[in-house]
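A.B. asks: Let me give you the structure first, and then I'll get to my questions.
Nothing in this text is a laboratory measurement; each read-out follows from the coordinates by a stated rule. Remember, predicted model here, so these are calculated numbers, not experimental data. Don't worry about glycine lacking a Cβ; one is built from the backbone with ideal geometry, like all the others, and counts go over all protein chains shown.
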Amino acid sequence: MKRWDQRASVIGVVLGILVVAAALRMELGAWNSPGPGFLPAGAGILLVILSVAYGLNARWTTDPERARQPSPWIIEHWRRVVSVLVALLLYALLLDTLGYLIATFLLMVVLLRVLEPAGWPMTLLAATLIAGATYVVFGKWLMVQFPRGILGV
Amino acid sequence: MDLAGNVLAGFQVSLQPINLLYAFFGAGIGTLVGVLPGIGPAGTIALLLPLSLGMPPVSAIIFLAGVYYGSMYGGSTTSILVNIPGEAASVVTCLDGYQMARQGRAGPALGMAAMGSFIGATLSIVGLMLIAPLLAGVAREFGAPEYFGLVCLGVMMLVYLSRGSVLKSLISAVAGLILSFIGQDLFTGDDRFTFGVVELKDGLGLVPLFMGLFGITEVLANLEAPIRRQVYDARLKNLFPTAKDWLDSRGAILRGTGIGFFLGILPGGSAMIASFAAYAAEKMFSRHPERFGTGVIEGVAAPETANNAAAQGAFIPLFALGIPPNVAMALLLGAFVLHGIRPGPLMMEQHPQIFWGAVTSMYIGNAMLLVFNLPLIGLWVRILKVPYKMLFPLILLFSVIGALSVRYSPFDVVVMILFGAIGYVLRKMEFEATPLVLAFILGPMLEQALRQSLIISHGSFTIFFTRPIAAVCLGLTLAIVIANLVPLLRAGRKVIAAQETGD
């Protein structure tokens with residue numbers, strides 16, 4: 001965990017520098033008339049300072065427990081997390097083309113099989129019901145605009 | 001108008017059938033998400049925010065507020081029956097609540113939780129009605145420097161009271177501030193951090209950001225180790241606590257209300273902190289502190305009263321100053337802004353019906369919640385048995401629909417997913433998302449106040465120290481920073497000294 005803290009602090013410093021760099025390209029203004037880049041520059045500098053403090057603090061930690069703590073990144077854990085995130089991203093990207101009904105049906109099939117999947121017939125039935133019911137409730141009753149896609153509904 | 005007249009006018013708004021209906025749905029949905037672990041009030045309010053855009057402003061606030069205080073009721077059910085907090089604010093309720101359930105006293109525990117909640121909430125609403133207008137009266141004189149001080153203090157208090165490292169929470173807050181810069185400049189209209197993306201011109205969407213950080217992140221974290229629920233399946237009978245239970249809880253309820261109300265008003269003092277503080281206080285006052293944790297009714301009454309009192313008290317800074325003390329209130333602020341209303345002293349003057357309508361609806365909502373949580377308790381217990389593998393795809397889908405419904409833009413869905421991933425990484429690294437979100441919401445207010453102050457003072461920072469309210473707020477802010485960072489520096493110096501002496 002200690003090592004990860006130090007790595008995170010480096011990321012913080014880099015992000016802070018990028019923010020400052022971007023802020024410097026905006027108008028900073030003067031003390032009596034601060035411009036658009038004024039506060040971003042200040043916040044960027046603050047982020048750098050705090051990240052340095054965080055990194056040093058992690059390095060100097062005398063808390064043996066903290067130093068011994070294992071890495072929080074366990075592969076078995078984030079495999080599921082990544083697959084769900086990818087499924088959601090694909091959904092967002094394909095939503096316009098496929099339309100709400102088909103895209104949602106596919107998303108539900110994937111998600112319902114992430115944790116201890118039930119049998120296929122059950123999964124397909126549940127996915128169909130969810131896609132259909134949300135389409136009626138949100139799309140028809142609550143008038144959320146859903147993309148029509150290839151089905152044209 | 002006097003208080004009675006205002007209350008009467010408020011009830012005229014909140015008793016309109018449509019507003020009764022919204023209070024009913026708000027409280028019901030609140031109870032539902034309170035009962036369900038893995039989805040919290042903040043995520044839910046974010047989810048429902050787009051839906052509320054179609055309602056009149058008063059109804060929207062009545063509805064969303066109902067979700068918030070409703071969740072405080074629901075959380076205790078899960079704590080008592082499953083030993084998993086349905087809500088962060090019900091964590092301590094597990095300690096004695098679950099023990100009571102195991103001893104066959106689930107009924108009185110649930111009953112006391114609901115009735116304690118009701119008492120704490122309604123007393124707190126009286127406080128809200130008395131204090132908010134007074135505070136708004138004072139705040140009418142506030143200028144930019146005062147708001148700058150208040151916002152700084154609010155964010156700093158939240159940072160200080162967050163779990164974990166103060167340094168990390170500070171970094172979180174600064175990150176939120178930086179995210180709030182995205183979009184057009186408030187004064188000049190220049191693009192900032194938009195990278196030429198048209199969708200970013202209006203800034204990052206509130207709804208996708210919140211739903212990502214609270215909704216999606218929560219689901220992702222739960223996927224690691226799916227929640228195993230063992231609902232304590234004793235037949236629920238006799239929900240009414242005995243006379244002895246009441247006698248034992250009397251002090252806990254009163255003290256819980258006081259502690260909760262005070263911590264609710266305080267920026268950063270959340271319902272969760274209130275519940276912990278009330279439990280600790282009860283243990284201190286008790287003549288038999290050793291019995292806490294074995295199933296004493298005070299251990300249920302104190303935190304459940306306190307979290308509801310805090311939930312209502314939290315509306316005071318939001319309504320009177322326009323400064324949200326916690327994330328759920330920050331979302332309500334977002335709802336106000338989306339409706340084109342800025343809460344604060346001006347709103348109390350110009351739209352009194354919103355304040356009084358919302359406050360009186362809280363009475364009605366709490367009465368409904370008493371019904372939801374006592375006679376209808378069986379319904380929620382049944383919902384608790386829905387397995388998580390069925391639940392989480394629905395939560396994700398509702399989040400997607402929520403993000404889509406703001407302005408129908410798949411871009412918002414991508415932003416939401418991105419922040420879900422960011423939130424997950426932050427959580428793994430033990431960074432709190434709450435300071436980030438509060439700073440994000442308050443960022444524009446902070447920037448406006450700072451820039452206006454500097455313009456007024458011709459660039460001199462002394463303006464923040466010559467105006468008493470601003471000076472006190474900023475002084476306290478600095479004190480918190482120094483009190484937290486000095487020990488870190490000292491620890492660092494020791495290590496360096498040790499290394500230099502070759503230790």
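A.B. asks: Rounded to the nearest 10 degrees, what's the angle between the helix B:41-52 long axis and the longest principal axis of chain B, both from Cα atoms, 0 to 90?
C.D. replies: For B:41-52 against chain B, the angle is about 70 degrees.
A.B. asks: With r as the distance between the Cβ atoms of B:F411 and B:T188 and R0 = 30 Å, compute the FRET efficiency 1/(1 + (r/R0)^6) and round to 0.05.
C.D. replies: So the FRET efficiency works out to roughly 0.75.
A.B. asks: In peptide B:185-191, how many Cβ atoms from other protein chains are near each Cβ within 10 Å, on average?
C.D. replies: On the way: counts 8, 1, 5, 5, 1, 5, 2.
Across the residues of B:185-191, the mean count of other-chain Cβ atoms within 10 Å is 4.
A.B. asks: What do you get for the angle between helix B:298-313 and the principal long axis of chain B? Use alpha-carbon atoms, 0 to 90 degrees, nearest ten.
C.D. replies: 40
A.B. asks: What fraction, in whole percent, of alpha-carbon pairs in the protein assembly as shown exceed 33 Å separation? All intermediate terms of the calculation are to be shown ahead of the outcome.
C.D. replies: Details: 104413 of 214840 pairs.
Of all Cα-Cα distances in the protein assembly as shown, 49 percent exceed 33 Å.
A.B. asks: Taking neighbour counts of Cβ atoms within 10 Å as a proxy for exposure, in what order, fewest first, do B:T44, A:T123, A:T97 appear?
C.D. replies: Working: B:T44 29, A:T123 17, A:T97 11.
In increasing order of surrounding Cβ atoms, one gets A:T97, A:T123, B:T44.
A.B. asks: What does the charge count near B:A302 come to, summing +1 for each Lys or Arg and -1 for each Asp or Glu among other residues with Cβ under 10 Å from its Cβ? Show your work: numbers first, answer last.
C.D. replies: Numbers: positive: B:R255, B:K283; negative: B:D96, B:E282, B:E298, B:E304.
The answer is -2.
A.B. asks: Equivalent ellipsoid semi-axes for the range A:75-151, as square roots of 5 times the alpha carbon gyration tensor eigenvalues: give them largest first, rounded to whole Å.
C.D. replies: On the way: eigenvalues 111, 49, 20 Å².
Each semi-axis is the square root of five times an eigenvalue, giving 24, 16, 10 Å.
A.B. asks: In the structure displayed, which of A:K2/B:K494; A:K140/B:K201; B:K389/B:K428 lie more than 28 Å apart, Cα to Cα?
C.D. replies: Working: A:K2/B:K494 19 Å; A:K140/B:K201 31 Å; B:K389/B:K428 22 Å.
In this structure, A:K140/B:K201 lie more than 28 Å apart at Cα.
A.B. asks: Within 10 Å of each residue's Cβ, count the other Cβ atoms and sort B:S180, A:S83 from fewest upward. Walk me through the intermediate numbers first.
C.D. replies: Values: B:S180 24, A:S83 15.
Arranged by neighbour count, lowest to highest, B:S180, A:S83 become A:S83, B:S180.
A.B. asks: Scattering from the C-alpha atoms of the range B:45-110 alone, worked out with Debye: what is log10 I(q)/I(0) at q = 0.22 1/Å?
C.D. replies: Ignoring solvent entirely, the Cα scatterers give -0.78.
A.B. asks: Using only the Cα atoms of the range B:350-450, build the gyration tensor, take square roots of its eigenvalues as a ≥ b ≥ c, and label the shape rounded, prolate or oblate: rounded if a/c is under 1.5, else prolate if a/b is larger than b/c, else oblate. Numbers along the way, then the final one.
C.D. replies: Numbers: a/c = 1.89, a/b = 1.12, b/c = 1.69.
Because a/c hits 1.5 or more and a/b fails to exceed b/c, the range B:350-450 counts as oblate.
A.B. asks: How much length would be gained if the chain were fully extended between B:R342 and B:V126, taking 0.36 nm per residue of separation minus their Cα-Cα distance, in nm to one decimal? If you can, show how the numbers build up before the last one.
C.D. replies: On the way: separation 216, 0.36 × 216 = 77.76 nm, distance 2.32 nm.
Once the chain is fully extended between B:R342 and B:V126, it gains 75.4 nm.
A.B. asks: Taking Rh as the Kirkwood radius computed over C-alpha pairs, what is the Stokes-Einstein D of the range A:2-67 at 37 °C in a medium of viscosity 0.692 mPa s, expressed in µm² per second?
C.D. replies: Details: Rh = 12.8 Å.
D, rounded to a whole number, is 256 µm²/s.
A.B. asks: Could you put B:L384, A:L89, A:L95 in order, starting from the residue whose Cβ has the fewest other Cβ atoms within 10 Å? Before the final figure, lay out the partial values.
C.D. replies: Working: B:L384 18, A:L89 15, A:L95 21.
Ascending number of Cβ neighbours within 10 Å: A:L89, B:L384, A:L95.
A.B. asks: On average, how many beta carbons from a partner chain sit within 10 Å of the beta carbon of a residue in B:392-400? Don't jump to the answer; show the numbers that get you there.
C.D. replies: Details: counts 5, 14, 6, 1, 7, 10, 2, 1, 9.
Counting other chains' Cβ atoms within 10 Å and averaging over B:392-400 gives 6.
A.B. asks: Right, another one. Counting pairs of alpha carbon atoms under 8 Å apart in space and at least six apart in sequence, what relative contact order in percent does chain B give? Mind showing how you got there, number by number?
C.D. replies: On the way: 938 pairs, mean separation 140.8, N = 503.
In percent, rounded to a whole number, it is 28.
A.B. asks: I need the P(r) histogram for the range B:406-490: all alpha carbon pairs, bin width 10 Å from 0 out to the longest distance, whole percents.
C.D. replies: So the P(r) values, bin by bin, are 14, 26, 30, 21, 9, 0.
A.B. asks: Taking Cα pairs under 8 Å and at least six residues apart, what relative contact order does the range A:2-67 come out at, in percent? Present the calculation step by step, with values, prior to reporting the outcome.
C.D. replies: On the way: 76 pairs, mean separation 28.9, N = 66.
After rounding, I find 44 percent.
A.B. asks: Once you compute Rg and the Kirkwood Rh from C-alpha atoms, what is the Rg to Rh ratio for the range B:295-338?
C.D. replies: 1.19
A.B. asks: Across 10 Å bins from the origin, how do the percents of Cα pairs in chain B run, short distances first?
C.D. replies: Spelled out per bin, shortest first, that is 4, 19, 29, 27, 15, 5, 1, 0.
A.B. asks: Taking the simple approach of a point 7 Å from Cα along Cα-to-Cβ for both B:L376 and B:L247, what is their distance in nm?
C.D. replies: 3.5
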